[in-house]
Amino acid sequence: MPKLRCKPCLATGLFALAMLALVTHLSPSAVAQNLPAPPPSAPPATSSTGPTSNSNSASSSDAQSQDQSVETLKVNVEVVQLFFNVKDKHGALIPSLTKDNFDLFEDGQPQTVKYFKAESDLPLTLGILIDASGSQMRVLDMEKEVGGSFLENTLRAKDEAFVISFDVDINLLQDFTSSVSRLKHALNEAKINTGGVGCSAGPIGPQGPIPCSSTGPRGTALYDAVYLASHDEFAHEVGRKAMILLTDGEDQGSRLKIKDAIEAAQKADAICYVLLIADRGFYGFGGYHGDAEMKKLTQETGGRVIEVGNKIEKLRQAFDQISQELRSQYNAGYVPTNTARDGSFRKVEIKPKQGDYKIQARSGYYATPRHED
């Protein structure tokens, strides 16, 4: 099975299929994990999503950062935390609202907001996923340049980020760090990789061969990359989390489907933004068709798709918009009236009581069982 590969992990062999059940028990530092086949009806793995218990959040370090989460609530309270943006009909961000401006519903049932704050300074955990497949050959350098500037202008001292490139492989170029220089170096490490890996492929370094994909040759393992970024990286973090994908949205050869990628991002509480970057000349008359699936991903997780094409100025503007949105988020916390931890998906809606507002928020969460230490 394919893994999230990093340079220190290259000596690790492939896990046997029978070991897939152990994936969720690996330590958070184990970034080279198996990509499981999507289970037909297995309960969701425990993650940071859904109602989060504050029973373990009374440490001295947490006490110093009460502004940074819902830890101001009583311990042992199960809290659903939502980060969202509010915009007017022209798309401009609206600041300075209070909880009295909104009604909140879970599965159609009204909920009482216990915690509400504009969290523009809350530490941010960020993931940059950069498409290094053949279709990005003439735009990759532009992505590196503007992406590096974005990191310089956006990340603050308490923020952290990681960088993944995806093509026929999925590579962790830089794990979590607050060092902008390391992140920029990782972006510059991304290189176009068009192949050699298909159903009849040979070995990939010491890790051995990648099994044949049922969907044909691998070209752009986009959905697998979103899954692994969510499951292996974001799921172990708390607080505000955002994933930025620089891609044309075209997937070729992922083991998993878009619905699996969406579910993993939702369970990890990761907001997904897609900068749709496409060199139109590469696709010919037929064009590209990745935007529909990317809209599903972003709408379900509380982000959005921004069309860039191959224009560097549009890419700069897109990154500026994302930076503003991440620094203008509201944070609402509530204790759900449905206390069952049955692993089901709960639909969440935030509605303005009055005014022509547009709420940009994730569509819901998974009520995963409490993790027993």
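The values are calculated or read from the model by the stated rules, or taken from the named source; none is laboratory data. Given the structure is predicted, the values throughout are model-derived calculations rather than measurements. When we count neighbours, we look across all protein chains shown, and the Cβ atoms used for this are built from the backbone with ideal geometry, even at glycine. Keep in mind that these areas ignore ligands, DNA and RNA; they rest on the heavy atoms of the full protein, side chains included. Shrake-Rupley method; radii C 1.70, N 1.55, O 1.52, S 1.80 Å.
Return a yes/no flag: does segment 145-162 have any residue that is open to solvent by less than 30 Å² (accessible area, probe 1.4 Å), polar (S, T, N, Q) and assigned to a strand (DSSP E or B).
Step one: list which residues in segment 145-162 are open to solvent by less than 30 Å² (accessible area, probe 1.4 Å), which gives 146-148, 150-151, 154-155, 159, 161-162.
Subset that is polar (S, T, N, Q): 154.
Imposing the further condition that a residue be assigned to a strand (DSSP E or B) reduces the set to none.
No, that holds for no residue.
Say whether the condition of being closer than 30 Å to Glu250 by Cα and assigned to a loop (DSSP other than H, G, I, E, B) is met by at least one residue in segment 108-122.
As a first pass, look at segment 108-122 and keep what is closer than 30 Å to Glu250 by Cα: none.
There is no residue in segment 108-122 that is closer than 30 Å to Glu250 by Cα and assigned to a loop (DSSP other than H, G, I, E, B).
In segment 113-136, what residues are among the aliphatic types (A, V, I, L, M) and more than 28 Å from Ala225 (Cβ to Cβ)?
Taking segment 113-136 and keeping what is among the aliphatic types (A, V, I, L, M), we get 113, 118, 122, 124, 126, 128-130, 132.
If the condition is that a residue be among the aliphatic types (A, V, I, L, M) and more than 28 Å from Ala225 (Cβ to Cβ), then Val113, Ala118 are the ones that fit.
Report, by residue number, each residue of segment 319-373 that is under 17 Å from Thr112 (Cβ atoms) and in a loop (DSSP other than H, G, I, E, B).
Answer for segment 319-373, where residues must be under 17 Å from Thr112 (Cβ atoms) and in a loop (DSSP other than H, G, I, E, B): Val335, Pro336, Thr337, Asn338, Thr339, Lys353.
What about Ser344, is it touching a Ser or Thr at 6+ places or on another chain (Cβ under 9 Å), at pLDDT 90 or above and surrounded by fewer than 21 Cβ atoms within 10 Å (Cβ to Cβ)?
Spelling it out, it is not the case that Ser344 is touching a Ser or Thr at 6+ places or on another chain (Cβ under 9 Å), at pLDDT 90 or above and surrounded by fewer than 21 Cβ atoms within 10 Å (Cβ to Cβ).
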